[in-house]
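Below is one structure; the comments refer to it alone.
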Amino acid sequence: MNIVRRSFFLVCIAAFFAGAHLSAQSTDDGIQDTIPLRKITVYSSGVAFFEHSGTLQGPAALKFPFKIGAVNDALKSLTVHDPASSSPAIHYPSEQILWETLRSLSIDLSGNPGMAEILSKLRGEEVEVSAPGPITGRIAALEYRTPGGEAPAEPWLSLFSAGGIRSINLREIDSLRFTNPRIAADLGRALDLIAASRNSLYRDLTISLPGNGSRPVSVSYVIPAPVWKVSYRLDLSRTSPASPQAEALLQGWAIVDNDGGADWQDVELSLVTGRPVSFIQSLYPPYYVNRPTLPLAIAGAAEAETWEGSGYADMAAESAAPAAPAPSVMFRNSYRAKNTLDEPDQALAGGTVDTARAASLGDQFAFTVKKPVTLNRQQSAMLPLVEGTIAAKKLLILSGGRASGKTVHPYLGAELTNATGMRLPAGPITVYDGGAYAGDALIEFFNQGEKRLISWGEDLSVTASAAESGSRVVAAVSVGGGFMTISRKQVYTKTYTLKNTAGEAKQVLIEHPVTAGTELVEPASPAEKTASAYRFVQSLPAGGELALTVREERPLAERISLIQQRPETFISYAANQEIPPPVRAALQRALDLKQEADDAQTALGTARSRREFLVSEQDRIRRNLEAAGGQSPQGQEYLRRLVQLDADLDTLAAGLEAAEQKAQEAQKTYEDYIGGLTL
């Protein structure tokens, strides 16, 4: 719409699910007009766009009967276009109007009260009763009395009259009339409201258009509607294994439902496939915001004061203490209604679908029925959607996941290519082959130019199975910088075996699920790849067999620091026949050097331990010598032993130095060999 033009205005109001046309009520000028339903666009998201258009003469009041369930949707989508009206008026009953009106009457019938409850609420009103004679009096009270035994309590009405108070059992009253005419009138009005709402599933919305002259007027809205469905028929009689690519006849039908309260008469019907955002917002019911209760801003009375005499002049010169601040109230309310959406409502512009049979609507696709559609209320219809030839290739389909570890029959199927120039919605397909019913298939949304597989049964003349295995092999070993890198391959192998007992050859499409993180090695390339599977097309000879092996590999790498390895680890790798001989020979040499370094370190450790023992022995003998004295025979023996220990330590010192040197050289030789090894 061009919202700049004065002749265009947009109104969003509450409405209900519309019928097939709008009827105009009489305005004050007595004018009656009708603008019929012209266009309907049904979406696959569960809503429909309705557009009424026609010519009005002078002021008019258009009355919309709508279903209650569509109020909120129409409230955020109703659009009115009247070039001659600048001040339209829109009226509709509130959701709470019935009960609020009933409660506002002098006799309240809301909540389905009984006679005793009604009379109890009308204490003080005058009534005339026949029980069985006539009695006139004002309702004084209504109480329940137990007649005795296990009988239930019964209501008794107490009436005050000139003769006093008289109590009457309600079940003895034959008739009752209120003498107050206002109560009698309200009782009749309440009963009328209840009767009018009991069987009504609709509410009326009235748009008053005070325009002048003859002008075109349109009204449109989006409201809930049954989702349109589609079903296809596919005739594969022209295809055969001998003609792998042939044309098949495809026929599609749209199923639409008119569940409204009025007929569709010669409307332009469009069907849109797509997934637009659609939601319901509660706009129709009255909504109240919680507000705070604040204390009244009343000054109140002043407190009593006493005053000093004038003789206290010095006190008057002193500064008085500051007075306490007057009490105040501070309030901040940050309220956000619950169950609301922040996004602004967007109005839907006029007609959204061209008269062409098929057209793109952004990411959606629309089908417009070529001829006007007439469909009575509460009726459904099948309308032609598409008819023509489509590329089809018959084949058997074997799912690898389904065949693992067991014997199955492949599916009867076909590969379809959508060359219709249309985006075909998802739906069931009834398949015919050889002039007879073959089975049912399902297809998801089928984009133009896309290829899709369908299947409709099993081929009992072909059996299939799949055996799978896994292994891990060393692919390469490299050594450098003191590290050994072992590259392995995790291999997944699956072999499909099919046997054909029929007397004709068949094409088989084997769908092998992709193993995450792997690369396909065998066969070199598939006929087709999807996001989750490889597809291989094989020829299965008549009365013969075929086997297909699919191998996938996942690379694995292990990096090992050789310097930190123990001898037994070297022994393990040096004996592993998967490791190339040059690497195994190098590892064996590293093992020998490691052993020499370890032996030298062991000898050094032994020498150090011997030195520590001799030093501790010297210390012990010195303490004994001090205790025995140097002149005693025992002291002389201790002196001799100290001399011998000194000689042993001198001899050991030279050997220890040599052992340390040898250990350092052996370790360096080992580390230099490992660090310089490159293979």
Would you check if Asn212 is polar (S, T, N, Q), surrounded by fewer than 14 Cβ atoms within 10 Å (Cβ to Cβ) and in contact (Cβ under 8 Å) with a residue 40 or more places away in the chain?
yes
Breaking point among (1) in a strand (DSSP E or B); (2) free of Cβ contacts under 8 Å to residues at least 24 places away in the same chain; (3) surrounded by fewer than 17 Cβ atoms within 10 Å (Cβ to Cβ), for Tyr534:
(3)
Only unsatisfied item for Ala531, checking (1) outside the structural domain of Gly655 (by TED's automatic domain parsing); (2) at pLDDT below 85, is (2)
Looking only at the range 443-486, count how many residues are assigned to a strand (DSSP E or B) and within 43 Å of the chain's Cα centre (by Cα).
21
Note: among Gln618, Gln661, just one is surrounded by fewer than 17 Cβ atoms within 10 Å (Cβ to Cβ), more than 30 Å from Ser487 (Cα to Cα), at pLDDT 85 or above and of a type outside the set (Asp, Glu), namely Gln661
Enumeration of residues in the range 155-209 that are under 15 Å from Pro132 (Cα atoms), surrounded by 12 or more Cβ atoms within 10 Å (Cβ to Cβ) and among the hydroxyl-bearing types (Ser, Thr, Tyr)
Ser167
Restricting to the range 253-295, and then to whatever is crowded, with 16+ Cβ neighbours inside 10 Å, more than 22 Å from Val230 (Cβ to Cβ) and not hydrophobic (A, V, I, L, M, F, W, C), can you tell me which residue is modelled with the highest pLDDT?
Asp263
Name, by its number, the condition in (1) surrounded by fewer than 16 Cβ atoms within 10 Å (Cβ to Cβ); (2) within 30 Å of Ala262 (Cα to Cα); (3) in contact with a strand residue (DSSP E or B) (Cβ under 6 Å, 6 or more places away or on another chain) that does not hold for Val80.
(1)
Select from the range 142-176 the residues that are in contact with a strand residue (DSSP E or B) (Cβ under 7 Å, 6 or more places away or on another chain) and among the hydrophobic types (A, V, I, L, M, F, W, C) and list them in ascending order.
Leu142, Ala153, Trp156, Leu157, Leu159, Phe160, Ile165, Ile168, Leu170, Ile173, Leu176
Go through the range 518-532 and count every residue that is in contact with a strand residue (DSSP E or B) (Cβ under 9 Å, 6 or more places away or on another chain) and either at positive phi or among the hydrophobic types (A, V, I, L, M, F, W, C) (or both).
3
Can you name every one of the strands (runs of 3 or more DSSP E) wholly within the range 160-213 that holds 2 or more residues which are over 60 Å from the mean Cα position of the chain (by Cα)?
164-169, 175-178
Give me the residue from the range 534-587 that is at pLDDT 90 or above and either of a type in the set (Phe, Trp, Tyr) or touching a helix residue (DSSP H, G or I) at 6+ places or on another chain (Cβ under 9 Å) (or both) and, out of that set, nearest to His512 (Cα to Cα).
Tyr534
Within the range 599-609, is there a residue that is on the phi > 0 side of the Ramachandran plot and not aliphatic (A, V, I, L, M)?
no
Taking the range 638-679 as the search range and keeping residues that are in a helix (DSSP H, G or I) and under 60 Å from the mean Cα position of the chain (by Cα), which one is farthest from Phe570 (Cα to Cα)?
Gly676
Could you tell me whether any residue of the range 372-395 is without any contact (Cβ under 8 Å) to a residue 60 or more places away in the chain, among the β-branched types (Val, Ile, Thr) and either buried (at least 16 other Cβ atoms within 10 Å of the Cβ) or in contact with a Pro (Cβ under 7 Å, 6 or more places away or on another chain) (or both)?
no
Among the residues of the range 409-449 satisfying the criterion of being touching a Leu at 6+ places or on another chain (Cβ under 8 Å) and of a type in the set (Ser, Thr, Tyr), which is farthest from Tyr496 (Cα to Cα)?
Thr420
Inspect the range 594-605 for any residue being closer than 30 Å to Val473 by Cβ and assigned to a helix (DSSP H, G or I) and give the result as yes or no.
yes
The listed residue being touching a Pro at 6+ places or on another chain (Cβ under 7 Å), touching a residue at least 12 places away in the same chain (Cβ under 8 Å) and farther than 30 Å from Ser53 by Cβ, out of Asp204, Asp186, Asp174:
Asp174
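The values are calculated or read from the model by the stated rules, or taken from the named source; none is laboratory data. All of these numbers come straight from a predicted model, not from anything done at the bench. Every residue, glycine among them, receives a Cβ derived from its backbone with ideal geometry; neighbour counts consider all protein chains shown.
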